[in-house]
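FYI, it's all coordinate maths here, none of it is from the lab. Note that the coordinates shown come from a computational prediction; the quantities given were computed from them, not determined experimentally. When we count neighbours, we look across all protein chains shown, and the Cβ atoms used for this are built from the backbone with ideal geometry, even at glycine.
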Amino acid sequence: MNETQADIVVVGGGMVGLASAIALRDRGLDVVLCDPGEARARASFGNAGVISRGSIFPMSGPALWGRLPAYLRNADRGLRLRHAHLLRVMPWTAHVLAAARASAWRRAAEALLPLTSAAYAAHEELAARAGTAHHLRRTGWIKLYRTDAAFADAALERAILARHGVAMEIVDGPALHALEPALVRPYARATLLPETGSVQDPGGLIEACGRLFSGLGGRTIRAAATRLEPEAGGWRIRYDGGHVRARQAVVAAGAASAEILRLLGYRFAFAAERGYHRHYALHPDSPPLTRPVLDTGAGSILAPMATGRVRVLSGVELNARHAPPDHAQIDAASREAAGTLRLGGPLDNEPWLGSRPSTPDGLPVIGRAPRHEGLILAFGHGHIGLSTGPITGQLVADIATDRPASLPLAPFAPDRLLRWPRPWQGSTV
Ligand SMILES: Cc1cc2nc3c(=O)[nH]c(=O)nc-3n(C[C@H](O)[C@H](O)[C@H](O)COP(=O)(O)OP(=O)(O)OC[C@H]3O[C@@H](n4cnc5c(N)ncnc54)[C@H](O)[C@@H]3O)c2cc1C
């Protein structure tokens, strides 16, 4: 039985956990990271890599009500759900419905803006230290609309972005072809968000962050934490074969976080939003895709990755984290992608599947646990955890070292999701 001592133990080694471990090491703490080390099990491995100041809109918004009939019939390409599962995650479902109002949507966007605004600079710094700056680019990203009606439907989103000073250009059909010649499908309108950046090898970034952490003297235990036990003066984190004792603990285990915290009696309104990707080569005669694009009509993202591959990413599948894969959504996204770009054959035998850690109000959980001393929570980053992971790491280090946080943390307080539907109400931003 191995016994390890540390100042602080971080449970989970995705973007959020690794960034936290690195930031805590930077503050001089003796840090142990506990993670099973399965690269493809991380949402941080398989995402689109988009880092956008404008990614401030939760899934639950005022448009939800109009889309609900299509969602329930599984007729919307962006969302596929198992009806029984919606009942199993009832607190999450109830919160989502309670938050589906324009006022809550605006407040959530306002609360997320400081986080997304700090995201790119935090990535630049991390990539420079991890040696992955060549995979970080600031090319902007494009939201594509197949019809004028679909573009009109996004008017509130554009108004909120404009109010917050997020740079945006509206591009019409012919200009779009000049901007992104790889697109072969005609689109009615598009929105370019030029401040947006992207990571072209998210999995490579995570591996490089692991090396950076080790180089800073951080220690990693390749195992899943099985129990978190409070004890005099701190925490004992058990895993198969040993335990770590530390004064403080951080739970940053992505979509597994709520299950881990259940063992301590916390019942978070929480769900896994599953997503898939598959890689393709572009046809040799196609111009390269130069930036990620969101095809709103297909409910999927197409993102250029390192070594010339295009990553086709599905929308959301609401199902249990460990349920068998259902390839219907990524197959549909791939068919749509073949009409949008000149694709060659698929490069993967099996599509990748991962889970976005989802809170019903679209805001992450970042803060001290309400009922346990020395326990810090950092999870639930939903669709923006790759981008906001590095800045979250700095916030975790602020909390652990009792420094004033560099951003307002009140909207991310854990206890908001431990009560029956009550979306973020206040305004500290
Ligand atoms: C299809 C798709 C596209 C996306 N696109 C984007 C995007 O463009 N931009 C963006 O910012 N975000 C995007 N995201 C979201 C982003 O990937 C996630 O929000 C983010 O990766 C979450 O990071 P994390 O560290 O919290 O979780 P993860 O990366 O999932 O890491 C959690 C880690 O905890 C470990 N773990 C689990 N249980 C235990 C345990 N018991 N003990 C120890 N460790 C444990 C896991 O093995 C894993 O290593 C996308 C997600 C998907 C699925």
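List of remarks:
- For the peptides 126-134, 410-418, the ranking by mean Cβ contacts within 10 Å, running from highest to lowest, is 410-418, 126-134.
- The order of Met1, Met59, Met168, Met90, going from fewest to most other C-beta atoms within 10 Å of their C-beta, is Met1, Met90, Met168, Met59.
- Shape of region 105-196, Cα gyration tensor, a/c cut at 1.5: oblate
- Residue ranges 304-314, 346-356, 318-328 sort as 304-314, 346-356, 318-328 when ordered by packing (mean number of other C-beta atoms within 10 Å per residue, highest first).
- The value of relative contact order for the chain, using C-alpha pairs under 8 Å at least six residues apart, is 28 percent.
- DSSP finds beta bridges in the chain, and of those with both partners inside it, around 65 percent are antiparallel.
- Approximate spin-label separation Ala178-Arg40, in nm, with each point projected 7 Å along Cα-to-Cβ: 4.4 nm
- Shape category assigned to region 1-44 from the gyration tensor of Cα positions, a/c cut at 1.5: oblate
- Extension gain, Met1 to Asp26, is 6.0 nm, computed as 0.36 nm per intervening residue step minus the present C-alpha separation.
- Taking one quarter of the surface of the C-alpha convex hull of region 270-378 gives a mean projected area of 9.1 nm².
- For Gly344, nonlocal amide neighbours, meaning residues 5 or more places apart or on other chains whose placed amide H falls under 5 Å from its own, are Ala281, Leu282, His283.
- Calculated [θ] (222 nm, deg cm²/dmol) that DSSP helices of n ≥ 4 give over the chain, each run adding -39,500 (n - 2.57): -10000 deg cm²/dmol
- Think of the chain as a dipole: +1 on every Lys or Arg Cβ, -1 on every Asp or Glu Cβ, centred on the Cα centre; then among Val10, Ser334, Ala84, Ala84 lies furthest on the positive end.
- Taking one quarter of the surface of the convex hull spanned by the alpha-carbon atoms of region 34-177 gives a direction-averaged projected area of 12.0 nm².
- Here the calculated FRET efficiency for Ala133 and Ala84, from their Cβ-Cβ distance with R0 = 41 Å, stands at 0.35, rounded to the nearest 0.05.
- Selection from Ala104, Met168, Ala272, by position along the positive dipole direction of the chain (Cβ): Ala104
- Taking the average, over residues, of other Cβ atoms within 10 Å as the packing measure, peptides 384-394, 23-33 rank 384-394, 23-33 from highest down.
- On full extension, the segment bounded by Arg227 and Asp240 gains 3.7 nm, given 0.36 nm per residue less the C-alpha separation.
- Rounded tilt (10° steps) of 385-400 against the dominant C-alpha axis of the chain: 20 degrees
- Our compactness index for region 15-67, the C-alpha radius of gyration over the empirical 2.2 N^0.38 Å, is 1.68.
- Kirkwood Rh (inverse of mean 1/r, distinct Cα pairs), the chain, angstrom: 21.8 Å
- Sequence of Ile206, Ile160 once ranked by neighbouring C-beta atoms within 10 Å, starting from the fewest: Ile160, Ile206
- Averaging over all projection directions, the Cα-based convex hull of region 84-152 occupies 8.5 nm² in the image plane.
- Placed amide H near Val50: partners under 5 Å, 5+ positions off or other chain: Val199
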